[in-house]
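Novice: First the structure, which I've put down as structure tokens, then a few questions once you've had a look.
The values are calculated or read from the model by the stated rules, or taken from the named source; none is laboratory data. Only a predicted model underlies this, so the values are computations on that prediction, with no experimental measurement involved. A quick note on method: Cβ atoms are made from the backbone with ideal geometry, for glycine too, and the neighbour counts reach across all protein chains shown. Quick note on the areas: whole protein, heavy atoms, side chains included, nothing else; ligands and nucleic acids left out. Shrake-Rupley method; radii C 1.70, N 1.55, O 1.52, S 1.80 Å.
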Amino acid sequence: MAHPSQLGFQDAASPVMEELLHFHDHALMIVFLISTLVLYIIVAMVSTKLTNKYILDSQEIEIIWTILPAVILILIALPSLRILYLMDEINDPHLTIKAMGHQWYWSYEYTDYEDLGFDSYMVPTQDLTPGQFRLLETDHRMVVPVESPIRILVSAEDVLHSWAVPALGVKMDAVPGRLNQTAFITSRPGVFYGQCSEICGANHSFMPIVVEAVPLEHFENWSSLMLEDA
């Protein structure tokens with residue numbers, strides 16, 4: 001859960017998000033070293049009148065500053081491609097959930113069950129209970145089992161939406177007439193918040209996403225109760 005004045009990312013709750021955090025730190029360190037070197041060169045050039053004629057016209061230096069940026073780009077590109085393939089990898093999901101975007105709420109359908117689905121509306125501010133977050137809490141949470149591969153099928157009924165949960169490293173566009181898919185594995189129990197990340201209309205900021213990860217036994221009890229209520 002993000003908090004005011006937070007400068008970094010939320011704590012990772014999935015293996016993919018952990019990889020994204022590691023890649024962010026890796027790329028940021030490269031940018032920091034390059035920025036420090038450039039700043040040093042600028043300060044050195046401004047603060048001295050000395051000139052080295054071998055630096056002004058040197059084929060060796062030109063070779064170095066041509067090859068070195070290429071090596072740095074490779075060091076950034078290879079981990080990035082690896083993570084992209086990891087994010088697209090969906091192997092034998094234990095549970096499939098279809099998330100449909102509407103103006104302005106989400107509806108979820110657990111396709112592995114015969115009749116398990118519900119709409120998820122934002123809880124109005126006046127109805128919040130102590131401990132609930134304003135503009136982020138929903139009346140029905142999307143409940144998933146911990147440490148299980150979950151496949152999310154994302155689409156929309158009216159306009160463009162985007163199903164995004166930062167702590168899980170998941171963000172997938174919901175396009176009318178198109179079925180996109182993504183996957184995640186929650187590495188620990190908890191409640192993870194997200195929002196529609198597409199400007200979808202007047203109430204774009206009022207269609208939150210809440211994913212509750214629970215142990216498998218609790219998920220089975222929850223699904224049984226939901227089927228009984230249906």
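Novice: Please tell me if residue 74 is of a type in the set (A, V, I, L, M), open to solvent by less than 100 Å² (accessible area, probe 1.4 Å), in a helix (DSSP H, G or I) and under 30 Å from residue 23 (Cβ atoms).
Specialist: Criteria met by residue 74.
Novice: Quick one: is residue 44 at pLDDT below 90 and either open to solvent by 90 Å² or more (accessible area, probe 1.4 Å) or aliphatic (A, V, I, L, M) (or both)?
Specialist: Yes.
Novice: May I pose another question? Within the range 24-32, is even one residue open to solvent by 50 Å² or more (accessible area, probe 1.4 Å), closer than 15 Å to residue 166 by Cα and either touching a residue at least 12 places away in the same chain (Cβ under 8 Å) or assigned by the TED database to the domain that holds residue 190 (or both)?
Specialist: yes
Novice: Among all residue pairs at least 6 apart or on different chains, which show Cβ distances below 8 Å where the first residue, located in the range 46-64, is on the phi < 0 side of the Ramachandran plot and the second is surrounded by 10 or more Cβ atoms within 10 Å (Cβ to Cβ)?
Specialist: 55/61
Novice: Could I ask something else about it? Can you give me the number of residues within the range 192-211 that are part of a strand (DSSP E or B) and open to solvent by less than 50 Å² (accessible area, probe 1.4 Å)?
Specialist: Taking the range 192-211 as the starting set, the residues that turn out to be part of a strand (DSSP E or B) are 192-195, 208-211.
Now narrow it down to the ones that are open to solvent by less than 50 Å² (accessible area, probe 1.4 Å): 192-194, 208-211.
Of the residues in that region, 7 qualify.
Novice: Still on this structure, I have one more. Considering only residues that are over 19 Å from residue 15 (Cβ atoms) and either in contact with a helix residue (DSSP H, G or I) (Cβ under 8 Å, 6 or more places away or on another chain) or touching a residue at least 40 places away in the same chain (Cβ under 8 Å) (or both), which ones fall in the range 192-201?
Specialist: 193, 195, 196, 198, 200, 201
Novice: Further, regarding this structure: Quick one: which of 134, 178 is among the basic types (Lys, Arg) and closer than 30 Å to residue 84 by Cβ? Give the derivation first.
Specialist: Details: 134 fails: closer than 30 Å to residue 84 by Cβ.
Among 134, 178, only 178 is among the basic types (Lys, Arg) and closer than 30 Å to residue 84 by Cβ.
Novice: If residue 133 passes every condition in (1) touching a residue at least 60 places away in the same chain (Cβ under 8 Å); (2) surrounded by 17 or more Cβ atoms within 10 Å (Cβ to Cβ) but one, which one does it miss?
Specialist: Checking residue 133 against (1) touching a residue at least 60 places away in the same chain (Cβ under 8 Å); (2) surrounded by 17 or more Cβ atoms within 10 Å (Cβ to Cβ), the one that fails is (2).
Novice: In the range 81-191, which strands (runs of 3 or more DSSP E) lie fully inside it and hold 1 or more residues that are within 15 Å of the chain's Cα centre (by Cα)?
Specialist: Filter on the range 81-191 gives 150-156, 161-165, 170-174, 180-184.
Novice: Is it the case, given these coordinates, that residue 151 is of a type in the set (Lys, Arg), surrounded by 15 or more Cβ atoms within 10 Å (Cβ to Cβ) and under 17 Å from residue 94 (Cα atoms)?
Specialist: Spelling it out, residue 151 is indeed of a type in the set (Lys, Arg), surrounded by 15 or more Cβ atoms within 10 Å (Cβ to Cβ) and under 17 Å from residue 94 (Cα atoms).
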